[in-house]
Amino acid sequence: MPLLNTVIPSPSTVPPPFDDARVQLLRSLLADRDWSQASVLRQPLQQALALLSAPGGGALDEATWLLVADETARYLDFRRLRNLEAQLRGCPPEALQYTRADWEAARMAEAALESHLRQVRLGSYAPEAVPMFRIH
């Protein structure tokens, strides 16, 4: 039984480019002057963006998807820390000179703080009690 009012796409219709939040984030990552990558990373990211932005959306291999996922996760953390640093300094994030090297140093500091807090939770600053020694 045929469906009424079915729409059959015309063969000349080209699907729009694949443009979702991930592609927008990848564009932002590549355009951000403070988030620099080595050319070894930048070139595959630009190629991935070109493939994803092409009409019909290209297919990326698993290694490229992993590279894009890792780099965008790092970039999101960079933006989080840049916004936090801007709030602490009382200026907009765009006015702050905050680079990838600053982000890496801040991540190391956060990891050290987290390790210290974990040690404090698991241990104590007070020395352990000495067992009682009694003479009968």
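Where a number appears in this text, it was derived from the coordinates with a stated rule and is not lab data. Model, not experiment: these values are computed from the prediction. All Cβ positions, glycine included, derive from the backbone under ideal geometry; neighbour counts span all protein chains shown.
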From the options SER115, SER53, SER36, residue that is under 15 Å from the mean Cα position of the chain (by Cα) and among the polar types (S, T, N, Q): SER36
I'm trying to understand the selection: among the residues of region 90-104, which are more than 12 Å from ARG33 (Cβ to Cβ) and assigned to a helix (DSSP H, G or I)? PRO93, ALA95, ALA101, ASP102, TRP103, GLU104
Give the residue that is farthest from LEU30 (Cα to Cα), with candidates limited to residues of region 44-81 that are of a type in the set (Gly, Ala, Ser) and not in a helix (DSSP H, G or I). GLY56
For region 91-110, state whether one or more residues are touching a residue at least 12 places away in the same chain (Cβ under 8 Å) and either surrounded by fewer than 10 Cβ atoms within 10 Å (Cβ to Cβ) or over 24 Å from SER28 (Cβ atoms) (or both). yes
